[in-house]
1. Grab the Cα-Cα distance for Ala81 and Asp160, subtract it from 0.36 nm times how many residues apart they are, and report the gain in nm with one decimal.
2. Lys/Arg Cβ at +1, Asp/Glu Cβ at -1, dipole of the range 15-172 taken about the Cα centre: which of Leu86, Ala63, His100 is farthest positive-ward?
3. Given (i) 0.96; (ii) 1.14; (iii) 1.33, which label gives Cα Rg over 2.2 N^0.38 Å as computed from the coordinates?
4. By how many nm would the segment from Arg138 to Asn49 grow when fully extended, if each residue of separation counts as 0.36 nm and the alpha-carbon distance is taken off?
5. For the range 95-112, what does the Karplus curve 6.51 cos²θ - 1.76 cosθ + 1.60, with θ = phi - 60°, yield as ³J(HN,Hα) per residue in whole Hz, taken in order and with x for Gly and Pro?
6. For Trp27, what is the net charge nearby, where nearby means another residue's Cβ is under 13 Å from its Cβ and Lys, Arg count +1, Asp, Glu -1?
7. Counting only other residues whose beta carbon sits under 15 Å from that of Ala145, what net charge do I get with K and R as +1, D and E as -1?
8. In whole Hz and in residue order, list the ³J(HN,Hα) couplings for the range 126-137 that follow from phi through the Karplus curve 6.51 cos²θ - 1.76 cosθ + 1.60, θ = phi - 60°; x for Gly and Pro.
Amino acid sequence: MTLLLCAAPTLASPMVFEDFSDGSSGWRYFSDRVMGGVSDGGAALLQENGVAYARLTGDVSTANNGGFVQVRRDLTSAFAADSTGLTLTVRGNGESYFVHLRTTQSRRPWQYYQATFPTTKDWQTVTLPWSAFNPSGRGLTAPLAPEDIRSVGIVAYGKDHAADVSVSQIDVD
């Protein structure tokens, strides 16, 4: 009798990148005012019914070549090269928002990889595979490599609107 042992592939469980439970002081608010725009807003770390989350609000204006508000966190260590994407738990005002990833190839402020996600008034989970992220900014041509990601941003961008998006968890898949 021959016993054949096969190793079943294991799926890596998601790694919690952020759950906002520790105060998450590494998140910083930015708007297009850093480059002469007129968008205005803010970000707050809040808690509701035992759920900690970051909330980004503001008035996004495309006037004066502007058009964004964001909250961003720099990474202290790289994502695994074999990771497959991000999963976010989000809610908002029904607008679509963006995740912006800056990498070692993002040498200019306008160079990042971008993926969009929808929101509803209720918490929902959205999964963004790395393949959903498209390069933005002339000169950014390298394919997205997760081990090269240096920051993650949650962004209201590109059109005049009232922004209101909350994120309670970000996992790396």
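Every number here is computed from the coordinates shown, using simple stated rules; none is lab data. Keep in mind that what you see is a predicted model, and the values were worked out from it rather than measured. Note that each Cβ is placed from the backbone with ideal geometry, even for glycine, and that neighbours are counted across all protein chains shown.
1. Numbers: separation 79, 0.36 × 79 = 28.44 nm, distance 3.65 nm.
24.8 nm is the gain from fully extending Ala81 to Asp160.
2. So the residue furthest toward the plus end is Ala63.
3. (ii)
4. Values: separation 89, 0.36 × 89 = 32.04 nm, distance 4.36 nm.
Here the answer is 27.7 nm.
5. Rounded to whole hertz, the list is 7, 8, 10, 10, 10, 10, 10, 9, 10, 5, 8, 7, 8, 10, x, 8, 9, 6.
6. Numbers: positive: Arg28, Arg55, Arg72, Arg73; negative: Glu18, Asp19, Asp22, Asp74.
That works out to 0.
7. So the environment of Ala145 carries a net charge of -1.
8. For the range 126-137, the Karplus-derived couplings read 10, 10, 10, x, 3, 5, 7, 8, 10, x, 10, x Hz, x marking Gly and Pro.
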